[in-house]
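Trainee: I have a structure I would like to understand better, so I am pasting it below and will then ask my questions one at a time.
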Amino acid sequence: MESPQRTCRFFTGDSCQNRKAGNLLPELTQKVSLFLLLLRIDQDLANHVKQGKCPVCGGPLHYSNYPRKPRGGPDNIPDECLVMLSLCCGREECRKRARPASCRFIGRKVYWHGIILLVMALKQQRPEGPSINKLMKMFEIGSRNTILNWIQYYRDIFPTSPQWQRIRGQIVASVRDSELPGELLNYFFRQSKTKEIGLVSCLKLLAT
């Protein structure tokens, strides 16, 4: 059986300070500057892919972006942040899409990737982590099933995914698969001067 010290490591130090830090995380997701920074990173990732060729026929790639309506985040977020960057082959007989990696979005999930990471990390802050109902209020999540689906994804799917296996060697062994994604985010928090920098660094790694 794991010790209490092992199963509650999302924040380090005094438990009262940990709760205060946890209460500040929803405020982090309301910073427009965070989403603008993530957009610039996504643009760099997309431009790198655009410099290559169509993976199907070798033709040129052109932008073919499309709108997204992610939930969470600030109400005054710029429209440019609500666009999924995508590329399309320029040859009429091909027209295959090439989707660059993204720090902002995770597949077809309707919430911002950063919000999902923060909710999951707080949920894994045992034994003093907030309940699902409290997390729903903190991050304005409308359905309990949404969080349950995230729990299932990170417990059963993500640890064995090609994405995680590809980047696993870049992270210290103390970040255990059974503690994803909370301990991964905590690792970047410990390495960074601010929680915002830590969150961005974690999202950048997951986008590689």
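Trainee: Quick query: amide H of residue 84 versus all other amide H atoms, modeled in the peptide plane; which residues come in under 5 Å with a sequence gap of 5 or more or a different chain?
Mentor: 66, 68
Trainee: Taking 27 Å as the cut-off for C-alpha to C-alpha distance, list the pairs among 31/96; 53/195; 50/193; 123/195 that go past it.
Mentor: Long pairs (Cα-Cα over 27 Å): 31/96; 53/195; 50/193.
Trainee: Suppose each label sits 7 Å from its Cα in the direction of the beta carbon; what would the residue 145-residue 91 distance come out to in nanometres?
Mentor: With each label placed 7 Å out from Cα toward Cβ, I get 4.3 nm.
Trainee: While we're on this one: Go ahead and set up a Gaussian network model of the chain, Cα springs under 10 Å, then flag whichever of 157, 115, 41 fluctuates most.
Mentor: Taking springs between Cα atoms under 10 Å, the residue moving most is 157.
Trainee: Dividing the Cα convex hull volume of the stretch 22-206 by residue count, how many Å³ per residue is that?
Mentor: 132
Trainee: If I build a Gaussian network model for the chain, linking alpha-carbon pairs within less than 10 angstrom, which residue out of 54, 94, 81 has the largest mean-square fluctuation?
Mentor: 94
Trainee: Measure nothing but the geometry: give the 0 to 90° angle between the long axis through the Cα atoms of 195-206 and the longest principal axis through the Cα atoms of the chain, rounded to 10°.
Mentor: For helix 195-206, the angle is close to 50 degrees.
Trainee: Here's another thing I want to ask about it. Kindly put 27, 183 in sequence by how many other C-beta atoms sit within 10 Å of each C-beta, fewest to most.
Mentor: Ordered from fewest to most neighbouring Cβ atoms within 10 Å, 27, 183 come out as 27, 183.
Trainee: Gap in Å between the Cα centre of the stretch 155-169 and the Cα centre of the stretch 49-87?
Mentor: Using only Cα atoms, the two centres lie 24 Å from each other.
Trainee: Only helical DSSP H runs with n ≥ 4 go in: add -39500 (n - 2.57) per run for the chain, normalise by residue count and round the 222 nm mean residue ellipticity to 500 deg cm²/dmol.
Mentor: The helix-only estimate for the chain comes to -13000 deg cm²/dmol at 222 nm.
Trainee: Using the Cα centre of the chain as the reference point, and only Cβ charges (+1 on K/R, -1 on D/E), how large is the resulting charge dipole? Debye, rounded to the nearest 20.
Mentor: 260
Trainee: If you build a Gaussian network model of the chain, linking Cα atoms that sit under 10 Å apart, which residue out of 167, 116, 106 swings the most?
Mentor: Most flexible of the set in this elastic network: 167.
Trainee: Which of 111, 189, 143 sits farthest toward the positive end of the charge dipole of the stretch 104-208, with +1 on the Cβ of Lys and Arg and -1 on the Cβ of Asp and Glu?
Mentor: My answer, from the dipole projection, is 111.
Trainee: Mind checking which of 57, 37, 161 is farthest towards the positive end of the chain's charge dipole, using Cβ charges of +1 (Lys, Arg) and -1 (Asp, Glu) about the Cα centre?
Mentor: 57
Trainee: Another question about this same structure. Over the Cα atoms, compute the radius of gyration (one decimal) and Dmax (the largest Cα-Cα distance, rounded to a whole number) for the stretch 45-151, in Å.
Mentor: 17.8, 57
Trainee: Can you tell me the dipole magnitude for the stretch 150-198 around its Cα centre, using point charges on the Cβ only (Lys, Arg +1; Asp, Glu -1), in Debye to the nearest 20?
Mentor: 160
No lab work stands behind these numbers, since they all come straight from the coordinates. What you see is a predicted model, and the numbers here were worked out from it, not measured in a lab. With ideal geometry, Cβ positions are generated from the backbone for all residues, glycine too; neighbour counts draw on all protein chains shown.
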